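Colleague: Structure provided below as structure tokens; questions to follow.
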Amino acid sequence: SGLLIMKYFNQNSVILLFLLFVIYASCPAQELPLKRQLTEQDYNKWGMIKPGPISQDGKWVSWSVHYDAGQDTLFVAASSGRNCYKFAAALQGNFLGNEIFYFQNTGKNGCLIELTSGKHHNIGQTGKTVVWESYLVAANPEFNCIAVWNNEGSKLKEIKDIKQFSVSSSRQALLYITHTNKKSWLHLSLLNSKEKISESEISLGEYQDL
């Protein structure tokens, strides 16, 4: 009886294996999707997203995309999603107030954008820049002169013989150093409550070069 049971199971195993083979052979082969070959054009699409400044009222945001190969791109968009500006080959900028954005391209040319209208104001080549409330203080590339621009793209004043300049953390005061006739002077410009530049400038001291 043991031999009959073994023979019975061997026959059924053969039949089961045969049925499985028939089923497998009758099923259509499922081909795996082919991976697309990468080309040189794909390399420019590899990049990193970096968040940028936000307007004081939170209605505008900015970010930049840095590519391993290719021009970096700067984006400024309304938080409502209605408007979005795209600037190729642009460096990260900053907001002047709530509706003006400043950026510099790779050629060091500065530009002010009126975000609500899209109007551009080119202010020429710039070096170091700082935001002074709704004003932009920009040095020329040689760093011997600074200009103060308002949010309408107009140059309010130009200061020559500059050595250094900075803006207070509250953005209410602009401090700068001039150097003429072998002497250095400290100057202070203040903003009043209406964010207008005070006409009075205070000379804080005079220093002879060592």
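Colleague: What are the residues whose amide H is under 5 Å from the amide H of Cys145, where those residues sit 5 or more places off or on another chain and H is modelled from the backbone?
Modeller: Asn140, Ile162
Colleague: Compute the distance in nm between two label points, each set 7 Å from the Cα along the Cα-to-Cβ direction, one at Lys183 and one at Arg82.
Modeller: 5.6
Colleague: Not counting ligands, DNA or RNA, and with a 1.4 Å probe, what is Lys59's accessible surface area in Å² rounded to the nearest 10?
Modeller: 130
Colleague: Another question, then. What part of the accessible area of segment 73-157, given as a whole %, is carbon or sulfur when the probe is 1.4 angstrom?
Modeller: Carbon plus sulfur share of accessible area: 43 percent.
Colleague: Any idea of Lys182's accessible area? Nearest 10 Å², probe 1.4 Å.
Modeller: 150
Colleague: For Glu158, Glu142, Glu114, what's the largest-to-smallest order of accessible area, 1.4 Å probe?
Modeller: Glu142, Glu158, Glu114
Colleague: Give me the accessible area of Thr106, 1.4 Å probe, in Å² rounded to the nearest 10.
Modeller: 100
Colleague: Could you pull out the pairs from Lys119/Lys160; Lys86/Lys108; Lys86/Lys119; Lys50/Lys86 whose alpha carbons sit more than 19 Å apart here?
Modeller: Exceeds cut-off: Lys119/Lys160.
Colleague: Something else about it: Starting from the Cα of Thr73, step 7 Å toward the Cβ, then list every residue of segment 102-134 with an amide N under 18 Å from that point.
Modeller: Correct set: 104-106.
Colleague: Which FRET efficiency value, to the nearest 0.05, is calculated for Asp161 and His120 with the Förster distance at 41 angstrom and r the Cβ-Cβ distance?
Modeller: Efficiency for this residue pair is about 0.85.
The values are calculated or read from the model by the stated rules, or taken from the named source; none is laboratory data. Given the structure is predicted, the values throughout are model-derived calculations rather than measurements. Cβ sites come from the backbone with ideal geometry, for glycine too, and all protein chains shown count toward neighbours. Note: areas computed on protein heavy atoms with side chains; ligands, DNA, RNA excluded. Shrake-Rupley method; radii C 1.70, N 1.55, O 1.52, S 1.80 Å.
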